[in-house]
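What follows is calculated from the coordinates using simple rules that are stated; it is not laboratory data. Not measured: the values here are computed from a predicted model. Note that we place each Cβ from the backbone using ideal geometry, even for glycine, and neighbour counts take in every protein chain shown.
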There are 2 protein chains.
Amino acid sequence: MATNSSGLDAAQLRAYFALMDVAGLLKHGVEQQLRDAGDLSYVQFQLLARLALNSTTGSERMTDLADGVVYSRSGLTYQAGLLEKAGLVSRAPSVEDDRGVTVSITDAGRERIATVLPGHGEVIRQQLFEPLSAADAETLADLLSPVRDHMRSAPPRSAAPRKKR
Amino acid sequence: MATNSSGLDAAQLRAYFALMDVAGLLKHGVEQQLRDAGDLSYVQFQLLARLALNSTTGSERMTDLADGVVYSRSGLTYQAGLLEKAGLVSRAPSVEDDRGVTVSITDAGRERIATVLPGHGEVIRQQLFEPLSAADAETLADLLSPVRDHMRSAPPRSAAPRKKR
DNA sequence: GTCAGGTGCTTCGAATCTGAAGCACATGAC
DNA sequence: GTCATGTGCTTCAGATTCGAAGCACCTGAC
C-alpha cells in the first residue's frame with residue numbers, strides 16, 4: 001500500500017493489470033491474424049460474428065449491435081458502411097421503426113467468417129489458453145461472466161443520456 | 001460445437017468473450033473517469049503510472065515504455081509529445097546511447113497521477129471487483145499473470161523485425 | 001579505419017475512432 | 001390534429017492510431 005493511493009489491494013492490482021495487458025496483447029494478435037486471413041479488423045469480425053452466430057435471422061438493429069460490441073454509434077456507422085461496401089452485410093430500413101436500420105449478414109459475410117474462424121481459434125488457443133488448463137478456462141469464464149453482466153447492467157452504455165437543450 | 005468452427009470448446013469461448021468484453025467495458029469506464037478527473041487518456045495514464053510506480057528514477061527509454069504498454073512506437077512518440085507539451089513528462093537524449101531518448105516524469109506528472117489515482121481505483125473497484133470476492137481477485141490474478149508472461153515472451157512485440165531492403 | 005547491417009526514434013500519410021450536432025421519425029400529452 | 005420530447009442513425013471535425021519510410025547512431029567484421 002506504500003506506493004499507491006488507488007485503494008486497491010495488491011491482488012486486485014495484479015488482477016487489473018494482468019487483465020488489461022492480456023486483453024490488449026490478445027487483441028493485437030487476433031487483429032493481425034484477421035487482417036492476414038480475411039482482411040477484417042477486429043471490430044468488423046466482432047460485428048460479423050455477432051450477426052452470424054448470435055441471431056437466428058442474421059440481422060440486428062444498429063443500436064443493438066453497438067451495445068453488443070463495445071463501440072460508439074458513429075464508429076459503427078462507419079464500419080457498417082465499410083462492411084456493406086465489401087458486400088459482407090446489407091442495410092435496410094427497419095420494418096417496425098422507420099428510424100431504425102437493420103443490418104443483415106450476407107452469404108459472402110458468412111463465408112468470410114467461416115474462412116477466418118479456424119485461424120482465429122488457433123491464435124486464441126496459442127496465445128490465451130496455452131498456459132491454462134481446461135479447468136482454468138472454466139474458472140476464468142465463471143469469474144468474468146458475472147463481471148460482464150454487472151458492467152453491462154449498471155451504466156447506460158453507448159447510449160449516454162442526451163444533454164439538456 | 002455445432003455453430004462454430006473455431007476449434008475452441010464452450011468454456012474457452014465463454015472465457016474469451018467475457019475477457020474481451022470486460023476489458024473493453026472497463027477501459028471505457030476508466031477512460032471516462034480519467035478524462036473527467038485529470039484530462040488524461042488511458043494510454044497517457046498508463047505511461048505516467050508506469051514511470052511513477054515502476055521505476056526508481058522515474059524515467060525509462062521510449063522502447064521499454066512502448067513494450068511495457070501495448071503500443072506502437074509511433075503512437076508513443078505522439079503521446080510522449082502531448083505529455084511533454086502538458087509538462088507532465090520531459091524527454092532527454094539517453095546518456096549511454098545517443099539514439100535513445102529517456103522519458104522522465106515531472107513533479108507535475110506525479111501530482112497528476114496522485115490526483116487521478118483514487119478515483120481510478122474507485123472505478124475499478126465498482127466495475128470490476130464489485131461482483132468478485134477477495135479470493136476471486138487473487139484467482140484471477142494467478143490465472144492471468146502467467147498468460148501475460150506467455151504472450152509477452154512469444155512473439156517479438158512492438159519491435160517487429162525489419163523487412164528486407 | 002570503414003563498411004554493412006541493426007536499432008531507436010521520429011515523420012509522414014492514410015485509416016480509424018470519437019463526441020457533438022443534426023436530421024428524421026416515434027411517442028405521448030393535450 | 002399539434003406540439004414537445006425522446007430515440008435511431010448519420011454527418012462532421014478533430015483527435016488518435018498504425019505501418020512504412022527515413023534519419024542518426026551503434027556494433028561487429030574486416
Q. Relative to the other copies, what are the label-point distances for B:E31, with labels 7 Å from Cα along the C-beta vector, expressed in nm at one decimal and sorted shortest first?
A. 1.2
Q) For B:E130 and A:R99, FRET efficiency with R0 = 51 Å and r from the beta-carbon atoms, rounded to 0.05? A) 0.90
Q.
Quick check for me: using +1 on Lys/Arg Cβ and -1 on Asp/Glu Cβ, what's the dipole size of chain B about its Cα centre, in debye to the nearest 20?
A. 900 debye
Q: Over all directions, average the projected area of the Cα convex hull of region B:66-120 and note it in nm².
A: 4.6 nm²
Q. Peptide A:126-139: average number of partner chain Cβ atoms within 10 Å per residue?
A. 6
Q.
Averaged over its residues, how many other protein chain Cβ atoms are within 10 Å of peptide A:115-125's Cβ atoms?
A. 4
Q. Per residue Cα convex hull volume for chain B, in cubic angstrom?
A. 174 Å³
Q: Find, among the residues of chain B, the one whose Cβ sits nearest the axis of the rotation taking B to A; state the distance in whole Å.
A: B:A23, 2
Q.
Helix B:42-54 against the longest principal axis of chain B: what's the angle in degrees, Cα atoms only, rounded to the nearest 10?
A. 70 degrees
Q) Hey, what's the Cα Rg ratio for region B:26-89 versus the globular rule of thumb, 2.2 N^0.38 Å? A) 1.07
Q | Base-10 log of normalised Debye intensity for the protein assembly as shown (one unit scatterer per alpha-carbon) at q = 0.13 Å⁻¹ | A | -1.10
Q | Student exercise, region B:1-81 dipole from Lys, Arg, Asp, Glu Cβ charges, in Debye to nearest 20 | A | 80 debye
Q. Using unit Cβ charges (K, R positive; D, E negative) and no other charged atoms, how large, in debye to the nearest 20, is the dipole of the protein assembly as shown about its Cα centre?
A. 1200 debye
**Q.** B:R110-B:R152 pseudo-label distance in nm [points 7 Å out on the Cα-to-Cβ vector]
**A.** 2.4 nm
Q.
For Cα pairs less than 8 Å apart in space and 6+ apart in sequence, what is the mean separation divided by the residue count of chain B, i.e. the relative contact order in percent?
A. 22 percent
Q: Tell me what the protein assembly as shown gives for mean residue ellipticity at 222 nm when only DSSP H runs of n ≥ 4 count, each as -39,500 (n - 2.57), the sum divided by the residue total, rounded to 500 deg cm²/dmol.
A: -20000 deg cm²/dmol
**Q.** Nonlocal amide H pairs with B:G100, under 5 Å, H built at 1.01 Å
**A.** B:S94
Q.
Could you give me D for region A:104-146, from Stokes-Einstein at 10 °C and 1.306 mPa s, where the hydrodynamic radius is the Kirkwood radius over C-alpha pairs? Units µm² s⁻¹, please.
A. 130 µm²/s
Q | Helix B:73-85 axis, angle to chain B major axis (alpha carbon atoms, nearest 10°) | A | 50 degrees
